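Peer 1: Here's a structure for you.
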Amino acid sequence: MPKRFLLNGLGAALALAALTGCSSTSRRPPLEIFPDMDRQAKYKPQAASPLFADGRASRRPVAGTVAVGFLKEDQAFHSGVSGGMYLGKNPLTIDRQLLERGQERFNIYCAPCHDRTGMGHGIVSQRTSWLPSNLHDPRQKNMTDGELFSVISDGRRSMPGYKYQVPAGDRWAIVAYVRALQRSTSGTLADVPAELREELR
Ligand code: HEC
């Protein structure tokens, strides 16, 4: 038999052994083909280590340092609050690109509960007794942009916060898009260009 076939056969046998090793229901320990995958010289989070004086394997960040890209100098931008007051207006320039980004992020992060229209009938609320707010209620409409940003960031009552999943720039994009959604249900004939109004009557 040519050497190539022999090697292939050997490879297949090894792969089979590795697979059955993983899914075996036998009480005997599985055959470990690559033990370094199972047993690695590493510490798991929160594990103990005799190497450090405090006995912890996880180290604290060095005091006074900031990870690259995590310096949040613009406090108002990152919290939605300035001088103890919610920001009145979105600090980003509202253009088509921002709204499209906001729409995309809203449909990913908010629609599961609030649904794509913002009425609050998302899939989660259909399957649970959780009641997301209707984003078209006057109270939500009257919130300043900064308050909306802060609800998205830190959550409110039963709503969880999203600041760890959604970066600040995207949260402001969502704020802009929520404003567009809210506006979309309060349009009047006066919003339609004069020459197109006849078509709607
Ligand atoms: C896991 C479900 C869930 C997701 C996802 C979610 N929300 Fe909510 N949201 C809720 C619930 C539930 C409430 C009602 C909170 C209450 O009154 O207890 C709420 C309330 C709100 C309110 C009203 C707060 C108030 O003061 O009444 C706003 C505004 C809001 N959500 C915006 C958003 C936006 C924007 C997103 C996307 C970033 C989002 N939510 C994602 C569940 C969710």
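The values are calculated or read from the model by the stated rules, or taken from the named source; none is laboratory data. Because the structure is predicted, anything quoted here is derived from the model rather than measured. Glycine also receives a Cβ, built like all others from the backbone with ideal geometry; neighbour counts cover every protein chain displayed. The accessibility values were calculated without ligands, DNA or RNA, using every heavy atom of the protein model including side chains. Shrake-Rupley method; radii C 1.70, N 1.55, O 1.52, S 1.80 Å.
Peer 1: Scan the range 93-147 for residues that are more than 9 Å from the ligand (Cβ to nearest atom), part of a helix (DSSP H, G or I) and touching a strand residue (DSSP E or B) at 6+ places or on another chain (Cβ under 7 Å) and jot them down.
Peer 2: Gly146
Peer 1: Regarding the range 110-121, can at least one residue be identified that is farther than 18 Å from Arg171 by Cα and among the aliphatic types (A, V, I, L, M)?
Peer 2: Of the range 110-121, the ones farther than 18 Å from Arg171 by Cα are 119-121.
This time we only want the ones that are among the aliphatic types (A, V, I, L, M), so: 119.
Scanning the range 110-121, I find at least one residue that is farther than 18 Å from Arg171 by Cα and among the aliphatic types (A, V, I, L, M), so the answer is yes.
Peer 1: When the residues of the range 10-39 are filtered to those that are open to solvent by less than 100 Å² (accessible area, probe 1.4 Å) and at pLDDT 65 or above, which remaining residue is nearest to Ser58 (Cα to Cα)? Talk me through it step by step, then tell me what you get.
Peer 2: Looking only at the range 10-39, we keep the residues that are open to solvent by less than 100 Å² (accessible area, probe 1.4 Å), and these are 11-15, 17-18, 20-21, 23-24, 26, 30, 32-33, 35-36.
Checking which are at pLDDT 65 or above leaves us with 12, 26, 30, 32-33, 35-36.
Values: Ala12: 41, Ser26: 36, Pro30: 31, Glu32: 29, Ile33: 30, Pro35: 25, Asp36: 22 Å.
Only one residue tops the list, namely Asp36.
Peer 1: Please give the number of the condition Ser82 fails out of (1) out of contact with any Phe, Trp or Tyr (no Cβ under 9 Å at 6 or more places or on another chain); (2) more than 16 Å from the ligand (Cβ to nearest atom); (3) open to solvent by 80 Å² or more (accessible area, probe 1.4 Å).
Peer 2: (3)
Peer 1: I'm trying to understand the selection: among the residues of the range 148-170, which are open to solvent by 80 Å² or more (accessible area, probe 1.4 Å) and either assigned to a helix (DSSP H, G or I) or within 6 Å of the ligand (Cβ to nearest atom) (or both)?
Peer 2: Asp154, Arg157
Peer 1: Could you grab the pairs with beta carbons closer than 6 Å, sequence gap of 6+ or different chains, first residue in the range 158-177 and more than 21 Å from Gly120 (Cβ to Cβ), second one more than 6 Å from the ligand (Cβ to nearest atom) and assigned to a loop (DSSP other than H, G, I, E, B)?
Peer 2: Hits for this filter: Trp172/Asn90; Trp172/Leu92.
Peer 1: Among the residues of the range 171-188, what is the count of those that are open to solvent by 30 Å² or more (accessible area, probe 1.4 Å) and either among the β-branched types (Val, Ile, Thr) or out of contact with any Leu (no Cβ under 7 Å at 6 or more places or on another chain) (or both)?
Peer 2: So the answer is 7.
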